[in-house]
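A short worksheet on the structure shown next.
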């Protein structure tokens, strides 16, 4: 499986939240044809350990949800707005939330979701080749 075809998202939940919401108008629309391959089942898998190293130590995704996002022009634009990169990054709570316009709710149903175990390990299976 080409690693450039997927993005892993691990969101660390901290206490507190921001009520700031910024609206962002996307220039790229969701193209379902571009993601058709990702909807198929296959024999591929991705396993790993998700963690974040902070000044206060290492935080794992213990019992947290982790998402696998297929790369598309739409997902790349979203990642750029959220994390200022398509390769990796993080977003501070103080930065507030982003509301994308147009918001394509079907996008969320395309993501693969799993949960990390007690040690922060995760496994995505039955993934298509791509």
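The values are calculated or read from the model by the stated rules, or taken from the named source; none is laboratory data. Keep in mind the model is a prediction, meaning the values are calculated, not measured. So basically every Cβ, Gly included, is an ideal-geometry build from the backbone, and we count neighbours across all protein chains shown.
For the stretch 17-60, enumerate the residues that are without any contact (Cβ under 8 Å) to a residue 60 or more places away in the chain and either in contact with a helix residue (DSSP H, G or I) (Cβ under 6 Å, 6 or more places away or on another chain) or closer than 20 Å to residue 72 by Cα (or both). Hits for the stretch 17-60 are 27, 28, 31, 33, 34, 36. Going through the stretch 44-82 one residue at a time, which ones are part of a loop (DSSP other than H, G, I, E, B) and either modelled with pLDDT of 95 or more or surrounded by fewer than 16 Cβ atoms within 10 Å (Cβ to Cβ) (or both)? Those that are part of a loop (DSSP other than H, G, I, E, B) and either modelled with pLDDT of 95 or more or surrounded by fewer than 16 Cβ atoms within 10 Å (Cβ to Cβ) (or both): 55, 56, 62, 63.
Only one of these conditions is not met by residue 93: (1) over 21 Å from residue 40 (Cβ atoms); (2) at pLDDT 90 or above; (3) over 11 Å from the mean Cα position of the chain (by Cα). Which number is it? Here residue 93 clears every test but (2).
Does the stretch 23-42 contain any residue that is part of a strand (DSSP E or B), within 17 Å of residue 120 (Cβ to Cβ) and either in contact with a strand residue (DSSP E or B) (Cβ under 8 Å, 6 or more places away or on another chain) or at pLDDT 90 or above (or both)? Walk me through how you get there before you give the answer.
Our first condition is that a residue be part of a strand (DSSP E or B); within the stretch 23-42, this holds for 23-25.
Now drop any that are not within 17 Å of residue 120 (Cβ to Cβ), which leaves none.
There is no residue in the stretch 23-42 that is part of a strand (DSSP E or B), within 17 Å of residue 120 (Cβ to Cβ) and either in contact with a strand residue (DSSP E or B) (Cβ under 8 Å, 6 or more places away or on another chain) or at pLDDT 90 or above (or both).
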